[in-house]
Structures are given as structure tokens and as C-alpha cells.
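Notes to accompany the following structure.
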Amino acid sequence: MTMITHLEISNLPFADPSIEFDGQLYALIDNGGLPGLAKQLDRTNARWISLFAGSRDEGALAVAPLLILIDGNQNPFQQQAMLNWICEHGTFTSSILFMVSQLPMAELACRLALRLDATLPDNIDIVLRYFDARVFEQLMVVLSKEQKTAFLSVADRWWFVDRRGKIQPVDAVFSEAEMHKVPLSLTVEQEGMMLDASEPDQVAAFLRPAVPVEYANMAPELRYDFIVRHMGAARMLGIYATHELALYCLMALLHGEKFSIQAPWATVLGEVKSGKSDFTLAVAQMEFNDVQ
């Protein structure tokens, strides 16, 4: 089989025939993150099931999580074409999970759909978007050992594609009997950790339309670390609000990685750190001076 481009897939079973595993390989993909996915799946005759099927959200196929069978008996050229398309268009969308499961496809889809139901403190019901790889990654951090074991028990192994476009394995212990408790109940601490982990993504969502050219010119695999790095630098100056962290990252994107230690920004940021100046107002004044 030809190497699939755009993804580091050396740990995936379909990339290495010497790796033996029980069950079938599946992809779980956020359809909202890959426009055109359903059409591509139809073109390659792939088998897939929407996790929203049979629910009140059944009509929302455009944003549904799709369970896709990676069938070893499928036409190898069609399978390769499908995987290449998914990898090419989805590597940096945080939309891709893979798993190996011994369950029949329909049963697996039903059990995965159950994992969409969660409650926050005060019995607030939510749709747990774990099919978003960013959510899945942090979920693996915040869940208790028992919760994590039960959540993953539909498969022998999982993989997610992280924000840097790297494939990350997650070990699991398969259970034929359902172990997961519905709905998944998150504590105040778990909810807080999930929200904190999403802050760089909120900054990215601000930067993308604010400075589209500069953002697009940055290599996708470098964007997340760039944002985290400059959020950390901003916090060292006493800047904590998400909108101001985003503004600080924007300045770094426009003026360069070392803008904070160069004139005139070094002086301005020194005043921000000492409390003599408000960061947002200081940026507005600096930008106003630049156009004079």
C-alpha cells in the first residue's frame, strides 16, 4: 500500500501489516470539520453511519460525527483514495479519530452515540463533542481512571490527530459488555480543565479572521505552539483575559516573535506589567501612532 500523505501514521495498523489486531479499523470524523466528506465517501463506496441517526439531531448531517469503516476487503484503490482525501483535508482540522473495535459496526455506532450525552454540574445536559480531537485529547486528561476505562472500552485502541497534525495512540481495554455510564457526569473541576484547555483554540478562532493572510502563512503544525508560547508570555505580564491574550498573540503575529523585547513595545509592555497601563488601550494607542 502506498504511504498516506499528510499524516504521521506509523502507529496505525493499516500502515504496518506486521501489526496484528482483533476487530476492524474505523474512523470517527467530524463532518462539520471536513466539508465534502459525505460526497467523498459516496464516491469511494465507503460504509458509514451518522452518530446522530435516530436522534433529534438526525437531520443535522452536515455537523454530525460519522463512523466510517476502513474495510480491508474494500477495493484497495478506493480505500487509499478515501484515506488520502481524509488525510489531505483533515490533518489540521482536529476532526479525526481512529479506533480498532471487535463490535459490529451498527452496535459500535450505537455505543459511540451514547457517549455524546454528558452532564455538567447543576444537571446541565450537553452534547459531548469528543469526536472533535481537541475535546477528546483533553477528555483523556480530565476523566478519572474508571471513567476513562469505561469510555474507551468499545475499542481495543484509539488514535487521535492532534493540533500539530501528529497521530497519537490511546490504549484501551475492550469490553464486550457496555461499561460506560450514561450520561457521563463531569465535575466542576473537570469542566474547568476542559474550558482551560480550549483557550488556545478560542485565540486561534480570533486570529483566523482577524489576520487571515498572516495566519495562513504560518505553517499549520506551528500555530498551536505559537499561540501557547505567546499566551504564556502575556500571562507573565499580568495579561489574563482571553480577548487580551488573543490580542497579544495578534501583535506577535503582526510584529514578530520578539516584538515584546524590542522598541517601542518593550517600554509599553513594561508599563502594562507594572500596572501603569492597560494592555488593550496601549495597543490601540500604538496602532494609532503607527498610522499618523
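The values are calculated or read from the model by the stated rules, or taken from the named source; none is laboratory data. Only a predicted model underlies this, so the values are computations on that prediction, with no experimental measurement involved. Positions of Cβ are backbone-derived with ideal geometry, glycine not excepted, and every protein chain shown enters the neighbour counts. Note: areas computed on protein heavy atoms with side chains; ligands, DNA, RNA excluded. Shrake-Rupley method; radii C 1.70, N 1.55, O 1.52, S 1.80 Å.
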Item to complete: Just the number, please: carbon plus sulfur as a percent of the accessible area of the chain, 1.4 Å probe, no ligands or DNA/RNA counted.
Response: 54 percent
Discussion item. Give the lysines whose C-alpha is closer than 28 Å to that of K258, dropping any in the same chain fewer than 8 places away, or say none.
Written reply: K166, K273, K276
Item to complete: Before anything else, pin down the relative contact order of the chain: Cα pairs under 8 Å, at least 6 apart, normalised by residue count, whole percent.
Response: 15 percent
Practice prompt. Go through segment 192-292 and name the GluC sites (Glu not before Pro) that are in a DSSP coil and have 16 or fewer other Cβ atoms within 10 Å of their Cβ.
Written response: E257
Fill in: In order through segment 161-169: 3J(HN,Hα) via Karplus (6.51 cos²θ - 1.76 cosθ + 1.60), integer Hz, x for Gly, Pro
9, 7, 5, 8, x, 9, 7, 10, x
Practice prompt. Please give the per residue accessible area of segment 51-91, computed with a probe of 1.4 Å over protein heavy atoms only, in Å².
Written response: 48 Å²
Worksheet entry | Inter-probe distance in nm under a simple model that places probes 7 Å from Cα toward Cβ, at Q168 and S274 | 4.1 nm
Worksheet item: Roughly speaking, what is the centre-to-centre gap between segment 240-291 and segment 113-163 when only Cα atoms are used, to the nearest Å?
Response: 37 Å
Discussion item. What whole-number distance in Å separates the alpha-carbon centres of segment 187-216 and segment 218-232?
Written reply: 11 Å
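At 1.4 Å probe size, with every protein chain present, just tell me what the per residue accessible area of segment 105-220 comes to in Å².
Values: 5660 Å² over 116 residues.
Ligands and nucleic acids excluded, the result is 49 Å² per residue.
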Fill in: Percentage relative contact order, segment 83-190, counting C-alpha pairs under 8 Å, at least six apart
35 percent
Practice prompt. Could you point to the residue in F279, A27, Q190 farthest towards the positive end of the chain's charge dipole, with +1 and -1 charges on the Cβ of Lys/Arg and Asp/Glu respectively?
Written response: F279
Discussion item. Using 0.36 nm times the number of residues separating A106 and E287, minus their current alpha carbon distance, what extension gain do you get?
Written reply: 59.5 nm
Worksheet item: Once amide H atoms are built 1.01 Å from N in the peptide plane, which residues 5 or more positions from S185, or in another chain, come under 5 Å H to H?
Response: T119
Response to the item:
Comparing D162, D201, D125 in a Gaussian network model of the chain (Cα, 10 Å), the one with the largest mean-square fluctuation is D125
Practice prompt. Can you find, among L51, S95, L108, the residue farthest towards the positive end of the dipole of segment 48-183? Put +1 on the C-beta of Lys and Arg, -1 on that of Asp and Glu.
Written response: S95
Discussion item. I want to verify the translational diffusion coefficient of the chain in µm²/s; compute it with Stokes-Einstein, Rh as the Kirkwood radius over Cα pairs, at 20 °C and 1.002 mPa s.
Written reply: 101 µm²/s
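At most 10 other Cβ atoms within 10 Å and a DSSP loop assignment: could you name the GluC sites (Glu not before Pro) in segment 18-99 that fit? Provide the component values of the computation, followed by the final result.
Working: sites: E20, E58, E88; in loops: E20, E58.
When the GluC sites (Glu not before Pro) of segment 18-99 are filtered for loop state and at most 10 Cβ neighbours within 10 Å, E20 remain.
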Practice prompt. Pop out the ³J(HN,Hα) list for segment 239-254 in order, Karplus 6.51 cos²θ - 1.76 cosθ + 1.60 with θ = phi - 60°, rounded to Hz; leave Gly and Pro as x.
Written response: 9, 10, 5, 4, 5, 7, 4, 5, 5, 4, 5, 4, 4, 5, 6, 7
Worksheet entry | Lys, Arg +1 and Asp, Glu -1 on Cβ, resulting dipole of the chain about Cα centre, debye, nearest 20 | 360 debye
Item to complete: Count the net charge of all other residues whose Cβ sits under 13 Å from the Cβ of I124, scoring Lys and Arg as +1 and Asp and Glu as -1.
Response: -4
Worksheet item: Rounded to the nearest whole Å², what accessible area per residue is found for segment 234-292 with the 1.4 Å probe?
Response: 58 Å²
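If you add up the charges near L103, with Lys and Arg at +1 and Asp and Glu at -1, over every other residue whose beta carbon is less than 12 angstrom from its beta carbon, what do you get? Write out the running numbers ahead of the final one.
Numbers: positive: R111; negative: D22, E107, D156, E176, E178.
Neighbour charge sum, excluding L103 itself: -4.
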Response to the item:
Under 5 Å from the placed amide H of R157, counting only residues 5+ away or on other chains, we find V100
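Please report the net charge: other residues with Cβ closer than 10 Å to the Cβ of R163, K and R +1, D and E -1. Walk me through the numbers on the way to the answer.
Values: positive: R134, R164, K166, R223; negative: E137, D162, D201, E221, D225.
Surrounding charge for R163 is -1.
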